[in-house]
Structures are given as C-alpha cells and as structure tokens.
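Colleague: Below is a structure I'd like to ask you about.
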Amino acid sequence: MSDNKVHIFDTTLRDGEQVPGCKLNTKQKLVIAEQLDQLGVDIIEAGFPVSSPGDFSSVNEIAKIVKNSTVCGLTRAVENDIKVAAEALKYAKRPRIHTGIGTSDSHIKYKFNSTQEKVIERGIAAVKYAKSFVEDVEFYAEDAGRTDNEFLARVCEAMIKAGATVLNIPDTTGYCLPEEYGAKIKYLKENVTGIDKVVISCHCHNDLGLATANSISGVINGARQIECTINGIGERAGNTSLEEVVMIMKQHPYLNLNTEINSKLLYETSQIVSDHMGMLVQPNKAIVGANAFAHSSGIHQDGVIKNRETYEIIDPAEVGVTESAIVLTARSGRAALAYRAKKVGYELTKLQLDDVYREFLTFADRKKEVVDEDIHVIMKNSNITSAVVA
Ligand code: KIV
Ligand code: ZN
C-alpha cells in the first residue's frame, strides 16, 4: 500500500441512509453496494446490523455479493451490537467491525453520565471483543471534533493497544474549522504511541458547510481514510461528499494523495443513489449537479466554446458527464446561439446570425431556457429555410 493512498470509506448505506424519508429496502441497497464496489471504494459501511432485522439482512446480503471492497458494520461499544455485526458480516471476504463511543465532555456527561476513565475502559472492551471475531476493527471516538486533544490522544493510544486497525476521528457535529481539524490529526500523529501502525480516518459532517474542507485538511495532515457519502447525503446537513474529495485530490496532484476511485463512474453513481433514495441532487452541487458543467452567460459561453478550460477545471468526461452544456437563455450571446444552432443543423452566415439573434432575444425574454425545438421555431420566424439541415 502506498503511503499516499487515501482509503475511501463510503457510508451512503449507513450514515447516508439516516436521512429522513430516504430509507432503502435490501434490493435497493444491493444495487448501490454493487455500484460502490465497481466505483472502487475501499470500504462499504453497509449498515448498523443490530438496529433492525431489515438492516441486519441488508448487511448480510451485501457481504455475500461484494467482490473487492471491505464490508463494514457499525456498532456501539456494546457486546450484543458487536456479536450481531459479526454474524451479519460472516460471509464478507473482507469484514470490518466499526465500534466506538462518545469522547467529548458533553457526550460523557449527558449521554453516558460517566467518566473519561470508564469511557476508555468501555472502548477497550469493545475493540477487544470485536477483535475476537474479525482482524479489521475500526474505533470511532464520537464527537472527536469537540473532544480535548490530550484526552483524545489517550483514547487513541488505548485503542491501538487493544488492537484497533483504524482510528476514526469524527467531527460529528460539523463544528471544526479546517485548520482546527487538521491540527487535531497532526496532534494525534505526533503524540500517540503506535499511531503509525494504524490508519487515521476523517469523518466530517457538514453543519457549517465545511465537511469537504475538513476532510481534505485531515488527509493533508496525515489521515489516510475519508468517510463520505455519494452526493454528500447524511444526517442533518449531510456528510463529506465522496465525489468532491475524490476530485479535489485528483485535480491537485501536488498534494500527492491518491485514491483508487474510477472517477468516470461518479455521475452514474450519483444518479443511481438519487433515484433510489428519491432525493434530488441540487443543481449547483459540485461535480455531479445538473449545472456543474453548464454555462449560460454569454461571456462564459464564448470562452468555453473557444476553449473549455477557460471556465472549467474538470473535463466532464472525467466524471462521466458526456459534455459541457451550453444553455441558451436571455443572457446568452451570438457565439452560443451559433454553436447550438449548428448542433441542430443550421450553419448560419454572420448576417443571418444577426437577424436570428434579434429574434432569439425576444423569444428568450419570454422563456427561462431556449431548447432545441425552440431553435427550429426561431429559425422559421427568421425565414431561415435555406440553411443546411444536418
Ligand atoms: O458522526 C459520527 O460520529 C458517526 C459515528 C457513529 C461514526 O457517524
Ligand atoms: Zn456520522
């Protein structure tokens, strides 16, 4: 394994599925799991097996069909959760149990009415018990984002000694700033004995819109796993968006961080998840939104038609989008109109274009978007009958 490889841990089927109204049945989860396997994610968090018989059976079925990815099941630091997860994962080629407990003062006081020492003891017992079933055990320190770094370092050290292979440092409430989250990872790298034997994982929520920035800051500072979801779906404002972190690392090669994701499947995967969950992707969503490669203002369109790179940093083909879209609106210029007219068969002379453009503007002022059928009407209104129709 290269030191620069960042493992992609997809939690669309666990944290992502916690979105109200987005519940999936087992059949739908299998379709998504197969797609994630093909996409090249390193780990699929398939569910929380103890939470319901349905989730147990989904994890169990997913474990049977996934060929390459590790299949992971979530648990609390509770013996029965771990036993049930191990049972659900028994057919997985590469099983992982993800166990953990809250470590922030607020979780220790209000959720557990406990003490730091007792929380560490529960964590150790959970990791050791999980280890009796599988080799690969990930420990999460819930609300690590608001956990004091010194205490967090003690927790991490104890979990490494107990046998954890991955340490998840969740910013559960999406509170951290990128610098702060990065500094937390750096602190752990520098202050935890044995840290180089394990993978540090970033699990960032998006309450302040910082999940992607925090995850990237985490890997810049030494973490080597990012927990994320397709389309950034998840509890409240969502999780880190898989497509965003993958493309950030790809578009910034000097970071020297890479993943094994087949980026050409990103758009298709986004659509599959959106369709099955019945959750539309916001049009301006980075990488996979309908407008991510659409240009509608005259200045931008003119630039993109001359050379795509003037206004696009990603070749749409890289993420599986067929081509950049030149959208015709009342803000579009002659270059865009000529470009789209040519696509539907009209090669216009400069004089013709001047006439047609006047007609186009009148038309476009009445409509949000001018589509191919409208172009034919505009041509007819402009008496363009002699144009070459492809
Ligand atoms: O956000 C979080 O802390 C979690 C853990 C259960 C990993 O989802
Ligand atoms: Zn989470």
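Colleague: Against the conditions (1) surrounded by fewer than 17 Cβ atoms within 10 Å (Cβ to Cβ); (2) in contact (Cβ under 8 Å) with a residue 12 or more places away in the chain, where does residue 254 fall short? Just the number, please.
Modeller: (2)
Colleague: Taking residue 77 as meeting all but one of (1) crowded, with 20+ Cβ neighbours inside 10 Å; (2) outside any loop (DSSP other than H, G, I, E, B), write down the number of the exception.
Modeller: Going through the list (1) crowded, with 20+ Cβ neighbours inside 10 Å; (2) outside any loop (DSSP other than H, G, I, E, B), residue 77 breaks only (2).
Colleague: Of all residues being open to solvent by 50 Å² or more (accessible area, probe 1.4 Å) and within 21 Å of residue 288 (Cβ to Cβ) in region 208-236, which is farthest from ligand 1 (Cβ to nearest atom)? Just the residue, please.
Modeller: In this case the residue turns out to be 209.
Colleague: Pull up region 5-43, narrow it to residues that are open to solvent by 20 Å² or more (accessible area, probe 1.4 Å) and among the basic types (Lys, Arg), then point me to the one that is nearest to ligand 2 (Cβ to nearest atom).
Modeller: My answer is 14.
Colleague: Also: On the given criteria, is residue 183 surrounded by fewer than 17 Cβ atoms within 10 Å (Cβ to Cβ) and within 30 Å of residue 21 (Cβ to Cβ)?
Modeller: It is false that residue 183 is surrounded by fewer than 17 Cβ atoms within 10 Å (Cβ to Cβ) and within 30 Å of residue 21 (Cβ to Cβ).
Colleague: Consider region 148-172. How many of its residues are closer than 16 Å to residue 218 by Cα and either within 16 Å of ligand 2 (Cβ to nearest atom) or out of contact with any helix residue (DSSP H, G or I) (no Cβ under 7 Å at 6 or more places or on another chain) (or both)?
Modeller: Residues that pass the stated criteria total 7.
Residue by residue, here is whether (1) in a helix (DSSP H, G or I); (2) open to solvent by 10 Å² or more (accessible area, probe 1.4 Å) holds:
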residue	(1), (2)
62	yes, no
67	no, yes
72	no, no
82	yes, no
85	yes, no
92	no, yes
96	no, yes
106	yes, yes
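Colleague: Also, quick follow-up: Just to check your reading of the model, which residue among 164, 183, 223 is in the same structural domain as residue 255 (by TED's automatic domain parsing), assigned to a helix (DSSP H, G or I) and among the small types (Gly, Ala, Ser)?
Modeller: Just a single option satisfies the conditions, and that option is 183.
Colleague: Has region 136-148 got any residue that is open to solvent by less than 20 Å² (accessible area, probe 1.4 Å), more than 16 Å from residue 77 (Cβ to Cβ) and modelled with pLDDT of 95 or more?
Modeller: The answer is yes, given that some residue of region 136-148 is open to solvent by less than 20 Å² (accessible area, probe 1.4 Å), more than 16 Å from residue 77 (Cβ to Cβ) and modelled with pLDDT of 95 or more.
Colleague: Okay, moving on. Exactly one of (1) open to solvent by 10 Å² or more (accessible area, probe 1.4 Å); (2) within 16 Å of ligand 1 (Cβ to nearest atom); (3) in contact with a strand residue (DSSP E or B) (Cβ under 8 Å, 6 or more places away or on another chain) is unmet by residue 175. Its number?
Modeller: Every condition holds for residue 175 apart from (3).
Colleague: Which one of these is open to solvent by 10 Å² or more (accessible area, probe 1.4 Å), of a type in the set (A, V, I, L, M) and closer than 12 Å to residue 10 by Cβ: 261, 248?
Modeller: 261
Colleague: When region 108-119 is examined, which residues are found to be open to solvent by 20 Å² or more (accessible area, probe 1.4 Å) and touching a residue at least 12 places away in the same chain (Cβ under 8 Å)?
Modeller: Once the filter is applied, which keeps residues that are open to solvent by 20 Å² or more (accessible area, probe 1.4 Å) and touching a residue at least 12 places away in the same chain (Cβ under 8 Å), region 108-119 yields only 116.
The values are calculated or read from the model by the stated rules, or taken from the named source; none is laboratory data. All of these numbers come straight from a predicted model, not from anything done at the bench. Every residue, glycine among them, receives a Cβ derived from its backbone with ideal geometry; neighbour counts consider all protein chains shown. Heavy atoms of the whole protein, side chains included, go into the accessibility calculation; ligands, DNA and RNA do not. Shrake-Rupley method; radii C 1.70, N 1.55, O 1.52, S 1.80 Å.
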